[in-house]
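Before any comments, here is the structure.
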Amino acid sequence: MKIIDGKAVSLKVKDELKEQTKRLAQEQGFVPCLAVIIVGEDPASQVYVSNKKKACEYIGYKSLGFELPESTTQQELLELIEKLNNDDTVDGILCQLPLPKHIDEETILNAIDYDKDVDAFHPTNVGKIMIGNYHMLPCTPAGVMELIDSTGVSLEGKNAVVIGRSNIVGKPMSMLLLHRNATVTICHSRTANLKEICANADILVAAVGKAGFVTEDMVKEGAIVIDVGINRNAQGKLCGDVDFERVKEKAGAITPVPGGCGPMTIAMLMKNTYNAAVHRRNVIDK
């Protein structure tokens with residue numbers, strides 16, 4: 001059994017981007033620029049934004065931060081996004097969720113230029129992922145693919161099961177696995193025979209949002225188990241969707257919580273920012 005170290009894999013991604021960014025600055029005379037917008041005082045969001053800024057500094061990107069008060073109107077936010085859309089020095093725009101209740105998230109996400117949409121939530125980017133013609137991916141599913149690849153196991157012909165069908169994780173996750181020639185089953189709250197389906201999976205991705213939902217009788221001997229869930233158990237301790245202690249004895253490889261998928265999300269945001277920068281400027285990346 002192998003515990004997949006998300007911190008180590010994410011550092012490898014960031015170090016590769018650091019080298020590419022250095023080369024970009026030397027050969028093309030620019031570095032990628034990420035603009036991050038946060039509205040209100042949500043403590044978790046502020047931590048995420050701070051981590052994104054640190055990652056930009058580590059890799060060598062330029063980062064712009066816009067901290068707006070809770071009272072910001074939807075129109076004011078749309079005007080800022082429009083300004084960033086039209087700013088040719090900005091490569092990526094991220095609006096930190098959740099937004100205050102008086103602002104419609106869908107309207108805001110759809111207003112971001114899809115070429116600068118580093119969360120890959122815009123309908124155009126969702127469609128590109130569907131047909132397999134993309135240069136940006138939702139950060140968590142993209143991070144999961146890196147974690148699976150770090151095991152050295154080929155996905156071709158494997159049975160992959162995704163538990164969860166959200167637009168942010170479950171649906172794009174299934175498409176990425178499909179593009180890599182896995183045979184994919186998406187499970188959800190209405191799935192019959194869930195236990196049997198999961199127990200047949202070579203790759204099992206849990207993104208259901210319920211602490212300890214995946215038990216050892218749902219896992220095939222030697223399977224790769226990726227736990228996307230972030231929950232708190234009855235004792236208030238951070239845990240995933242998988243009963244880690246029991247399942248790790250059966251899995252061939254497994255991600256812990258914390259320290260598995262979490263670190264990958266920001267690393268893949270950085271990768272999206274790089275890809276947006278070179279794509280927008282038609283730079284041939286060597």
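Values in this text are rule-based calculations from the coordinates and carry no lab data. Treat the numbers as computed from the prediction; the structure is a model and nothing was measured. Cβ coordinates were reconstructed from backbone atoms using ideal geometry, including for glycine residues, and neighbour counts include every protein chain displayed.
Which entries in Lys22/Lys116; Lys2/Lys128; Lys250/Lys271; Lys52/Lys237; Lys22/Lys237; Lys18/Lys220 show an alpha-carbon gap greater than 29 Å?
Details: Lys22/Lys116 21 Å; Lys2/Lys128 34 Å; Lys250/Lys271 33 Å; Lys52/Lys237 24 Å; Lys22/Lys237 40 Å; Lys18/Lys220 38 Å.
Checking Cα-Cα distances, Lys2/Lys128; Lys250/Lys271; Lys22/Lys237; Lys18/Lys220 exceed 29 Å.
Entry note, the chain: the mean residue ellipticity at 222 nm calculated from DSSP H runs of n ≥ 4, each adding -39500 (n - 2.57), is -12500 deg cm²/dmol after division by the residues and rounding to the nearest 500. Charged side chains reduced to their Cβ positions (Lys and Arg at +1, Asp and Glu at -1) give the stretch 139-262 a dipole of some 400 debye around its Cα centre.
Using Cβ point charges alone (K and R +1, D and E -1), the dipole size of the chain about the Cα centre works out to roughly 680 debye.
What's the long-distance tail for the chain, i.e. % of Cα pairs beyond 34 Å? Above the 34 Å cut-off, the chain has 22 percent of its Cα pairs. Per-residue 3J(HN,Hα) values for the stretch 216-223, derived from phi via the Karplus relation 6.51 cos²θ - 1.76 cosθ + 1.60 with θ = phi - 60°, read 5, 6, 9, 10, 6, 4, x, 5 Hz in sequence order (x marks Gly and Pro).
Relative contact order, whole percent, for the stretch 28-114 stands at 41, derived from Cα pairs under 8 Å and 6 or more residues apart.
The amide H of Val214, built 1.01 Å from its N in the peptide plane, has Val242, Asp243 as neighbours under 5 Å, considering only residues 5 or more places off or on other chains. Between the alpha-carbon centres of the stretch 218-286 and the stretch 7-76 there is a gap of 20 Å.
Going through the stretch 101-187, which GluC sites (Glu not before Pro) have at most 11 other Cβ atoms within 10 Å and a DSSP loop state?
Values: sites: Glu105, Glu106, Glu146, Glu156; in loops: Glu156.
The qualifying sites are Glu156.
Amide H to amide H, with H built 1.01 Å from N, Lys158 comes under 5 Å of Thr183, counting only residues 5 or more places away or on other chains. If I build a Gaussian network model for the chain, linking alpha-carbon pairs within less than 10 angstrom, which residue out of Thr215, Thr107, Thr255 has the largest mean-square fluctuation? In this elastic network of the chain, the residue with the biggest mean-square fluctuation among Thr215, Thr107, Thr255 is Thr107.
First check a/c for the stretch 143-286, with a ≥ b ≥ c the square roots of the eigenvalues of its C-alpha gyration tensor; if it is under 1.5, answer rounded, and if not, answer prolate when a/b is larger than b/c or oblate otherwise. Can you show the working numbers first?
Numbers: a/c = 1.91, a/b = 1.50, b/c = 1.28.
Prolate shape, in that a/c is at least 1.5 and a/b is the bigger ratio.
Karplus-based coupling profile of the stretch 186-200, in residue order and whole Hz: 9, 10, 7, 4, 9, 5, 7, 6, 4, 4, 5, 5, 5, 5, 9, with θ = phi - 60° in 6.51 cos²θ - 1.76 cosθ + 1.60 and x standing for Gly or Pro. Under a 5 Å amide H cut-off, with hydrogens placed 1.01 Å from N, His135 pairs with nothing among residues at least 5 apart or on other chains. Relative contact order for the chain: 22 percent, from Cα pairs under 8 Å spaced at least 6 residues apart, divided by residue count. 3J(HN,Hα) along the stretch 33-42: 10, 10, 9, 10, 10, 10, 10, x, 10, 4 Hz, from the Karplus curve 6.51 cos²θ - 1.76 cosθ + 1.60 with θ = phi - 60°, whole Hz, x for Gly and Pro. Could you tell me which of rounded, prolate or oblate describes the stretch 1-104, using a ≥ b ≥ c as the square roots of the eigenvalues of the alpha-carbon gyration tensor, with rounded for a/c under 1.5 and, failing that, prolate when a/b is larger than b/c and oblate otherwise? Cα axes put the stretch 1-104 in the oblate bin. Once both labels are positioned 7 Å from their Cα atoms along Cα-to-Cβ, the gap between Thr191 and His179 label points is 2.2 nm.
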